[in-house]
Amino acid sequence: MAEHAVNYVIIVGPQGAGKGTQAAAVAPRLGLEHVATGDLFRAILKSESELGDEVRHYYDQGALVPDDLTIRVLFAHIEQLQEEKRGTTGVLLDGFPRNAAQAKSLDDALAERGEAISAVVLVDVPRPELMKRLTGRLVCSNCGATYHREFNPPKSAETCDQCGGELFQRSDDTPEAVEKRLEIYYEQTEPILEHYREQGVLLEIDGNREIDSVTADILDSLKDRVSA
Ligand code: ADP
Ligand code: AMP
């Protein structure tokens, strides 16, 4: 990661708004590393370790993993990236922060390094659309690419267009877990947006449109915010 100017961009929105889809499209074009806490946890789940068992307990029900564990996993990953990926201009955080305590820990960690958040992109979609998006979601078990059975179908029903990996339905994309995750979003995540609005870094994007139109809007809104 560049030593001089590290961009910290956050993509936020309710589950199913298209954060992962959009982050995969915009991060490479902005030179940002896409860091999704959900992906970090899915990698831990795959490892079949004691830590995996602990994470699964929360993950499958759609509950938040405890803050101290989430923060530890995320910052260890960012530190590792900083050592390895010196060519990128920063990180695009997806799925973090999810509550006030996580937002504070991020503010504190950045302040300690003399850094600040460049932008927070809110991708918003009306709640009735979200259940349809999540219960039809398919994810590649190899590269993490995201599809939808109806809205963004892969060329073949079971394999990833990009890498040929097997597609699966996430264990937390059941109607019960989706309801719980959305409750948590509106109760705990949405209120922290005010903090970013006050700081003048919140960019609001209508996510209820074609995937490519949303991508174009996000890139346009970030063009003066992310330094090369
Ligand atoms: P999030 O990361 O916010 O939970 P995803 O990017 O995984 O959301 O998208 C959720 C589901 O909705 C996926 O199946 C994805 O293919 C689909 N999707 C994403 N963006 C759109 C869009 N603009 N219109 C219709 N479906 C979409
Ligand atoms: P996501 O892929 O962002 O939908 O996250 C999937 C699941 O991972 C969540 O329902 C939580 O169980 C866990 N998770 C992801 N990010 C966080 C976070 N910032 N804090 C706590 N748990 C998280």
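Every number here is computed from the coordinates shown, using simple stated rules; none is lab data. Here the structure is a predicted model, which is why all the values come from computation and not from measurement. Positions of Cβ are backbone-derived with ideal geometry, glycine not excepted, and every protein chain shown enters the neighbour counts.
With +1 on each Lys and Arg Cβ and -1 on each Asp and Glu Cβ, how big is the dipole of region 22-148 about its Cα centre, in debye rounded to the nearest 20? Display every interim value, and only then the final one.
On the way: 14 positive and 19 negative charges, 127 e Å.
Using Cβ point charges on Lys, Arg, Asp and Glu, region 22-148 gives about 620 debye.
Would you mind working out the magnitude of the charge dipole of the chain relative to its Cα centre, with +1 at each Lys and Arg C-beta and -1 at each Asp and Glu C-beta, to the nearest 20 Debye? Don't skip to the answer; put the middle values down first.
Values: 24 positive and 40 negative charges, 97 e Å.
Once rounded to the nearest 20, the dipole reads 460 debye.
Take the alpha-carbon centre of region 95-164, take the same for region 202-228, and report the distance between them in whole Å.
Comparing the Cα centres of region 95-164 and region 202-228, I get a distance of 14 Å.
Give me the compactness ratio for the chain, meaning the Cα radius of gyration over 2.2 N^0.38 Å. It would help to have the intermediate numbers written out before the result.
Numbers: Rg = 16.9 Å, N = 228, 2.2 N^0.38 = 17.3 Å.
Relative to the rule-of-thumb radius for its length, the chain sits at 0.97.
Percentage of Cα-Cα pair distances in region 175-228 greater than 14 Å, rounded to whole percent? All intermediate terms of the calculation are to be shown ahead of the outcome.
Working: 979 of 1431 pairs.
Value for region 175-228 (Cα pairs over 14 Å): 68 percent.
Pop out the ³J(HN,Hα) list for region 205-213 in order, Karplus 6.51 cos²θ - 1.76 cosθ + 1.60 with θ = phi - 60°, rounded to Hz; leave Gly and Pro as x.
For region 205-213, the Karplus-derived couplings read 10, 7, x, 8, 9, 4, 3, 5, 5 Hz, x marking Gly and Pro.
Report the rotationally averaged projected area of region 23-129 based on its alpha-carbon convex hull, in square nanometres. Each step should come with its number before you reach the end.
On the way: hull surface 32.8 nm².
Over every viewing direction, the Cα hull of region 23-129 projects on average to 8.2 nm².
How about region 92-161: which trypsin sites (Lys or Arg not before Pro) there lie in a loop by DSSP and see at most 13 other Cβ atoms within 10 Å?
Sites meeting the loop and neighbour criteria: 155.
Among the listed pairs 19/104; 132/155; 180/223; 132/223; 46/180; 46/155, which have their C-alpha atoms separated by more than 29 angstrom in this model?
Values: 19/104 22 Å; 132/155 20 Å; 180/223 35 Å; 132/223 32 Å; 46/180 23 Å; 46/155 26 Å.
Cα-Cα > 29 Å for 180/223; 132/223; rest within.
May I ask you to derive the FRET efficiency for residue 60 and residue 190 from their Cβ-Cβ distance with R0 = 25 Å, giving the value to the nearest 0.05?
Working: r = 24 Å, r/R0 = 0.94.
For residue 60 and residue 190, the calculated efficiency is 0.60.
Among 163, 136, 118, whose Cα projects farthest towards the positive end of the dipole of region 110-207, with charges put on the beta-carbon of Lys, Arg (+1) and Asp, Glu (-1)?
My answer, from the dipole projection, is 163.
So which GluC sites (Glu not before Pro) in region 91-180 pass both tests, a DSSP loop state and at most 16 other Cβ atoms within 10 Å of the Cβ? Could you put the intermediate results ahead of the total?
On the way: sites: 112, 115, 129, 150, 158, 166, 176, 179; in loops: 115, 150, 158.
Sites meeting the loop and neighbour criteria: 115, 150, 158.
Consider just the alpha-carbon atoms of region 73-120 and return their Rg together with their Dmax, both in angstrom.
11.1, 31
Starting from the Cα-Cα distance between residue 150 and residue 168, subtract it from 0.36 nm times their residue separation and give me the gain in nm to one decimal.
Numbers: separation 18, 0.36 × 18 = 6.48 nm, distance 1.48 nm.
Fully extending the segment from residue 150 to residue 168 adds 5.0 nm.
At each listed q (0.20, 0.27 Å⁻¹), what is the log10 of I(q)/I(0) that the Debye formula gives for region 1-86 modelled as equal alpha-carbon point scatterers?
Evaluating at q = 0.20, 0.27 Å⁻¹ gives log10 I(q)/I(0) of -1.09, -1.41.
In a shell of Cβ-Cβ distance under 12 Å around residue 196, excluding residue 196 itself, what net charge do Lys and Arg (+1) and Asp and Glu (-1) give?
Numbers: positive: 197; negative: 107, 190, 194, 198, 204.
Overall, the nearby charge balance is -4.
When the dipole is taken about the Cα centre of region 75-127, and only Lys, Arg (+1) and Asp, Glu (-1) are charged at their Cβ, what size is it in debye, to the nearest 20?
Dipole size: approximately 180 debye.
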